[in-house]
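Undergrad: Okay, here's the structure, questions in a sec.
The values are calculated or read from the model by the stated rules, or taken from the named source; none is laboratory data. Remember, predicted model here, so these are calculated numbers, not experimental data. Heads up, the Cβs are rebuilt from the backbone with ideal geometry, glycines too, and the neighbour counts pull from every protein chain shown. In case anyone asks, the SASA skips ligands and DNA or RNA and just uses the protein heavy atoms, side chains included. Shrake-Rupley method; radii C 1.70, N 1.55, O 1.52, S 1.80 Å.
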Amino acid sequence: MTETTPGGGFRKRALVLNVALGLVVAAVVFFVLRPAPDEPGDVPKAAPSAQPSVADRPMIGLADAFPNQVPDGAGGTYTKVGAVVLKSCTEPDSVGPLLADYIAQGKGCVGEQVALYKDAKNNQFNLAVFTMKDPVDTVKLVTRLGSAPMDYQVGAQAPPPGSGLKTLPPDSGMIQSFTGQGRAMVVGLGQWSDGATRDYQRLVERLTPLLNAVSDRVARHETSL
């Protein structure tokens, strides 16, 4: 389910994505040391491993959700200029009060990830992935946000220094779109490089390949759990 609009609403831009594109994550492995058996034949049986519930399974990795480059389907590419995992799904500079309330009413949120992309003409495209603990909550979020098309509840991110992008004013034109993928809601925002309030359908067409690519990656992760 998707929804697009040139309307207004929550437009905070305080979160700056000063994030390097290449992030290295160190994996830590914990080993449980058990006493050796007294007799050779006295080998303890391994306890059956409990399968984690869907709610406890991790969200998609940041680099898996947001690759450095994504084809635009017309011979060009979208280039990632920043991505980050937020501390919570309801940070005031990332979501509006209505969305924060919707999330609080559900069974919990695993986490939120955001990324900013640009195309060859420096048009700006924000992506946000909210991974809920219950897929039912995802359906509710997409339905509720889609039913209020003139209300922005997900904030656009300010470009990091050196990205070549302008920090657009709050009254810039913007379109938004939503998809639901298992536990995850993917939100896409699109803005012209100059913040113009025109040609919204063309802007929708520019956003769609990137939103679809990220949504497909999230969907593959969710179906593999």
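Undergrad: Rounded to the nearest percent, how much of the accessible area of segment 46-179 (1.4 Å probe, protein heavy atoms only) is carbon and sulfur?
TA: Carbon with sulfur: 58 percent of the solvent-accessible area.
Undergrad: Let me ask something else about it. In sequence order, what are the phi-derived ³J(HN,Hα) couplings for segment 91-105 according to the Karplus relation 6.51 cos²θ - 1.76 cosθ + 1.60 with θ = phi - 60°, rounded to whole Hz, with x for glycine and proline?
TA: 4, x, 7, 10, 10, x, x, 5, 5, 4, 5, 4, 5, 5, 6
Undergrad: What distance in nm lies between label points placed 7 Å from Cα along the C-beta direction at Thr197 and Lys107?
TA: About 4.2 nm separates the two model spin labels.
Undergrad: Take the alpha carbon gyration tensor of segment 106-149, find the square roots of its eigenvalues, order them as a ≥ b ≥ c, and report rounded if a/c is under 1.5; if not, report prolate when a/b exceeds b/c, else oblate.
TA: Cα axes put segment 106-149 in the oblate bin.
Undergrad: Within segment 83-225, what is the number of lysine pairs with alpha carbons under 20 Å apart, leaving out pairs fewer than eight places apart on the same chain?
TA: 6
Undergrad: Further question: May I ask you to give the solvent-accessible area per residue for segment 105-225, in square angstrom, as obtained with a 1.4 angstrom probe?
TA: Values: 4580 Å² over 121 residues.
Heavy-atom accessible area per residue stands at 38 Å².
Undergrad: Could you derive backbone 3J(HN,Hα) for segment 163-178 from the dihedral phi with the Karplus parameters 6.51, -1.76 and 1.60 (θ = phi - 60°), listing whole Hz in sequence and x where the residue is Gly or Pro?
TA: 7, x, 9, 7, 7, 7, x, x, 8, 5, x, 7, 10, 9, 8, 10
Undergrad: Continuing with this model, one more query. Once you place label points 7 Å from the Cα toward the Cβ at Arg57 and Lys87, how far apart are they in nm?
TA: 3.0
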